[in-house]
Structures are given as C-alpha cells and as structure tokens.
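K.L.:
Sending over a structure as structure tokens; questions will come in a sec.
Just so you know, all these numbers are worked out from the coordinates, no wet-lab data involved. Please read all numbers here as calculations on a predicted model, not as lab measurements. Cβ sites come from the backbone with ideal geometry, for glycine too, and all protein chains shown count toward neighbours.
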Amino acid sequence: MPVTRAALIREIAGTLAAAGIDSARREARLLVRQALGLGDAELIARAELAVEATEAARLRALARRRADGEPLARLTGKREFWSLDFTLSPETLVPRPDTETLVEAALAAFPDRLQPLRVLDLGTGSGALLAALLSERPNAFGIGVDRSEGAARQARANLVALGLGSRAAVLVGDWAAPLGGGFDLVISNPPYIETAAIDRLEVDVRAHDPHMALDGGPDGLAAYRAIAGFLPALLLPGGRAILELGVGQEAAVAQLLVKAGLGIDGPARVDLGGIARALVTTPA
C-alpha cells in the first residue's frame with residue numbers, strides 16, 4: 001500500500017517517540033527530508049505525494065537504527081554547525097553546539113572582521129571550526145591538521161563545498177608536527193575523554209563516534225600535553241590559542257599550559273549549559 005510523505009513522517013515520529021527520543025516529530029521530518037533530498041518548502045508543498053516502496057522501506061530501516069541510538073547526523077550524513085552544512089564521515093566527530101563556544105571566543109579575541117589572520121585547527125575532523133572561522137573572517141587563511149586521513153579528506157571536501165577551499169589547506173599529521181610557527185590563532189577540540197570512561201558514554205557517542213577523536217588517555221589530558229608543547233613555537237606575538245575543555249578540566253589544562261610557558265587569558269568561556277568550555281591561552 002503506497003504511503004504519503006506526511007503519513008511516513010507520522011509513522012517514523014511514532015517509532016522514535018516510542019523509543020523515548022525527544023523531538024520525535026522534528027527528527028522524523030529531518031530524516032525524511034534529508035534522506036529524500038528535499039527542501040523544507042518542497043516537503044511542505046508536496047506532503048501528500050506517495051513515497052516509493054523501496055524508499056519507504058529504507059526510511060523505516062533508518063528510523064529503527066535511530067530508535068536503537070544511532071545519531072540522526074550519522075543516518076543522514078549531514079550536520080549543521082555555525083549555520084553551515086557539513087558532510088560527515090565515519091572518521092569525523094558529529095559537530096556539537098557546545099563547540100560553537102570556541103568560535104565565539106575566537107571572534108571575540110580578534111574582533112576586526114577584516115584583519116588578515118593565519119589560523120591553525122588541530123584535530124580538524126569535519127573542518128567545522130576552521131570553516132566557521134573562515135566564513136566570519138574573509139581575509140583569514142587556515143590550515144587544518146588531523147591524524148586521520150579519512151577525516152582530512154572530509155574536511156577538505158567540506159571546505160571546498162562551502163567555497164572556502166582557496167583559503168584553506170588540510171594536512172595529515174600528529175598535531176602540529178608537520179608545521180612551523182607563524183599563527184595568529186590556534187584552535188582545537190582535542191580528545192579529552194578518559195579512556196576508562198568511554199564505555200560509560202551515551203550509546204550515540206561510544207558506538208558511533210571515532211574513538212581516536214574521543215580518547216584522551218588515562219587522565220583525559222594526553223592531547224593537551226602534546227598541544228601545549230607545540231604552542232609556544234606556533235603562536236605569533238599577540239596570538240591566541242583556544243582549546244575546548246571537557247567537564248571539570250579547566251584547572252588541569254591551565255596548569256599544563258602555564259608549565260609550557262604560556263599565559264591564560266582569563267577564565268574559560270562557558271557554553272549554554274554553564275560549563276567552562278573554551279580556554280584562551282597566550283604567548284608568554
């Protein structure tokens with residue numbers, strides 16, 4: 001029996017609601033819209049069009065995967081960050097709203113929109129942070145580095161798709177090992193989960209995000225130690241480095257940075273949940 005787009009959305013919303021997923025109706029609409037390659041206006045205007053049986057079966061299978069805890073962004077392969085659209089791959093984290101706090105901190109540190117900037121994004125993943133900054137600072141040039149070749153390829157593809165490819169390069173490397181200095185801004189969302197805590201994370205993270213992008217070592221600070229060792233040589237005078245923090249990590253990360261000869265530019269910027277999320281550090 002053919003099913004319309006509207007009816008399929010209602011069906012999928014019921015499946016998601018029964019699994020306890022918040023905003024089941026919104027997610028059902030997004031799943032159908034993105035899986036069928038439709039815009040909002042087309043979905044609304046042609047809600048009563050029938051969905052082919054094979055497409056309906058595929059969407060029902062996706063809904064069951066979502067009900068089992070797979071993130072919506074993994075099912076659609078898309079995620080919005082800083083009002084920009086990013087394609088994901090298995091090697092990239094799903095960009096999260098908390099990370100937009102780093103973009104806010106960077107823009108506050110360099111308020112002149114037209115200032116030429118050299119930006120370095122360590123652990124670039126999907127390229128979300130680098131793309132967000134380049135979109136806001138048209139005279140900036142950025143380099144993204146990731147240990148994963150798959151993530152680096154995806155970051156490059158996203159930057160090109162967003163029209164930012166001419167102002168960006170993406171490298172594969174172990175943090176800043178392939179680079180010299182000369183950066184105004186270094187930004188990073190490094191792995192910061194303690195190894196033993198990964199198995200206790202929510203299923204959408206532990207089962208679907210790449211563990212290399214989550215695992216911060218036994219104490220969650222391994223990546224910060226590595227980055228702190230590079231930063232004094234990377235930053236220009238007057239430069240800033242902005243690091244994302246996990247819950248309760250501000251004091252420990254600040255101590256590592258100070259030990260490396262860096263300064264701390266005030267308390268960390270908090271995210272919408274009130275968590276200290278973006279720590280700004282400066283050359284000595």
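K.L.:
Give the order of E149, E104 when sorted by the count of other beta carbons within 10 angstrom, beginning with the fewest.
P.N.:
Lowest to highest Cβ neighbour count: E149, E104.
K.L.:
Using alpha carbons only, how many degrees (0 to 90, rounded to 10) separate the axis of helix 53-67 from the longest principal axis of the chain?
P.N.:
50 degrees
K.L.:
Please report the spacing between the Cα centers of segment 138-217 and segment 219-284 in Å, no decimals.
P.N.:
If we compute the Cα centre of each part, the gap is 17 Å.
K.L.:
Let's test the formula: R0 of 25 Å, r as the Cβ-Cβ distance of R58 and V160. What FRET efficiency results, to the nearest 0.05?
P.N.:
Once rounded, the FRET efficiency stands at 0.30.
K.L.:
Order by neighbour count: F86, F110, fewest other Cβ atoms within 10 Å first, most last.
P.N.:
The fewest-first ordering by Cβ neighbours comes to F110, F86.
K.L.:
Please list 3J(HN,Hα) in residue order for segment 97-106, calculated via the Karplus relation 6.51 cos²θ - 1.76 cosθ + 1.60 where θ = phi - 60°; whole Hz, with x for glycine and proline.
P.N.:
x, 4, 6, 4, 4, 5, 4, 4, 5, 5
K.L.:
Distance in nm between label sites at R46 and A17, each 7 Å beyond Cα in the beta-carbon direction?
P.N.:
So the two model labels end up 2.7 nm from each other.
K.L.:
For segment 21-111, what ratio Rg/Rh do Cα atoms give with a Kirkwood hydrodynamic radius?
P.N.:
Rg divided by Rh gives 1.06.
K.L.:
Compute for segment 3-68: radius of gyration divided by Kirkwood radius, i.e. Rg/Rh, restricted to C-alpha atoms, rounded to two decimals.
P.N.:
Here Rg/Rh amounts to 0.94.
K.L.:
Cα convex hull of segment 115-192: how many Å³ per residue?
P.N.:
Normalising the Cα hull of segment 115-192 by residue number yields 80 Å³.
K.L.:
How far, in degrees from 0 to 90, does helix 149-161 lean away from the longest principal axis of the Cα atoms of the chain, to the nearest 10?
P.N.:
80 degrees
K.L.:
How much of the DSSP beta bridge set in the chain is antiparallel, as a percent to the nearest 5?
P.N.:
Counting DSSP beta bridges with both partners in the chain, the antiparallel share is about 40 percent.
K.L.:
Continuing with the same structure: Can you list the residues of segment 44-60 with backbone N under 17 Å from a point 7 Å past the Cα of T4, pointing along Cα to Cβ?
P.N.:
Taking a point 7 Å out along Cα→Cβ of T4, the residues of segment 44-60 whose backbone N falls under 17 Å are 44-53, 56.
K.L.:
Suppose each label sits 7 Å from its Cα in the direction of the beta carbon; what would the V258-A233 distance come out to in nanometres?
P.N.:
Going from the V258 label point to the A233 one covers 2.5 nm.
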